[in-house]
Amino acid sequence: EGHCERLAEYATTLGKHLNLDQADLDALYRGAFLHDVGKIAIPDRVLLKKGRLTRKEYELMKRHSAIGDDLCRTVQSFEAVRPIVRHHHERVDGRGYPDGLAGDRIPLLAQIVSIVDVFDALTTDRPYRKALPTGTAYRMMRDDARGGWCQEDLVAVFIDLHRARELEQAGIAV
């Protein structure tokens, strides 16, 4: 329902602002579309569950990034996308998955997709909750970044870019 398209737009906009080269922008665009490809191996009863996942269901859900990486491994042209697919749920404090990477060991492109993925997840309806207001999402993302989820400066840049875009779309000079 537009999730991958929004992620591709958000990620490449942030990448351009960070002056990434064209190869990285291409990887961001493709990685945004493929980041959750491993979810094809997760049963709908887990993916679409309206309530909180059990520990077992959550452990199953966490496998999607490694599964996606394995799927992408079979396509040579996806080589630059694989780190995004595999590592978009890592955390700078090392408490992410699937490999528990920390800090600069997490590829920048995966961090970018993580940020835009979380924003889109917070601001769109999900089976388990309604979309949150943009301001609430910004606040939650800042708080989570301070708590070790991702680089605070990347979140701040994304929020600034997104806010400016929303103002432009509303016809307010930035």
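Take residue 1 and decide whether it is out of contact with any Lys or Arg (no Cβ under 8 Å at 6 or more places or on another chain), at pLDDT below 95 and outside any helix (DSSP H, G or I). So residue 1 passes the test. Apart from one condition, residue 116 fits all of (1) of a type outside the set (Phe, Trp, Tyr); (2) closer than 18 Å to residue 2 by Cβ; (3) at pLDDT below 95; the exception is (3).
Looking only at residues in the stretch 60-72 that are of a type outside the set (Val, Ile, Thr) and either in contact with a strand residue (DSSP E or B) (Cβ under 8 Å, 6 or more places away or on another chain) or closer than 15 Å to residue 99 by Cβ (or both), the one that is most open to solvent (accessible area, probe 1.4 Å) is 63. Annotation note: of 165, 82, 142, the sole residue that is surrounded by 14 or more Cβ atoms within 10 Å (Cβ to Cβ), touching a residue at least 60 places away in the same chain (Cβ under 8 Å) and of a type outside the set (Val, Ile, Thr) is 165. Scan the stretch 21-46 for residues that are surrounded by 15 or more Cβ atoms within 10 Å (Cβ to Cβ) and either free of Cβ contacts under 8 Å to residues at least 24 places away in the same chain or within 26 Å of residue 127 (Cα to Cα) (or both) and the total you get is 14. Of the set (1) outside any loop (DSSP other than H, G, I, E, B); (2) crowded, with 18+ Cβ neighbours inside 10 Å, all apply to residue 121 but (2). If you check 54, 136 for being modelled with pLDDT of 95 or more, open to solvent by 50 Å² or more (accessible area, probe 1.4 Å) and either among the polar types (S, T, N, Q) or in contact with a strand residue (DSSP E or B) (Cβ under 7 Å, 6 or more places away or on another chain) (or both), only one passes: 54. Just need a number here: residues in the stretch 106-137 that are farther than 22 Å from residue 16 by Cα and over 12 Å from the mean Cα position of the chain (by Cα). Count: 15.
Scan the stretch 7-20 for residues that are part of a helix (DSSP H, G or I), open to solvent by less than 70 Å² (accessible area, probe 1.4 Å) and touching a residue at least 60 places away in the same chain (Cβ under 8 Å) and the total you get is 6.
Of all residues in the stretch 73-102, those being under 22 Å from residue 10 (Cα atoms) and assigned to a helix (DSSP H, G or I) number 7.
The values are calculated or read from the model by the stated rules, or taken from the named source; none is laboratory data. None of the values given here were measured: they were computed from a predicted structure. Note: ideal-geometry Cβ built from the backbone for every residue, glycine included; neighbour counts use all protein chains shown. Please note that ligands, DNA and RNA were not included when accessible areas were found on the heavy atoms of the full protein model with its side chains. Shrake-Rupley method; radii C 1.70, N 1.55, O 1.52, S 1.80 Å.
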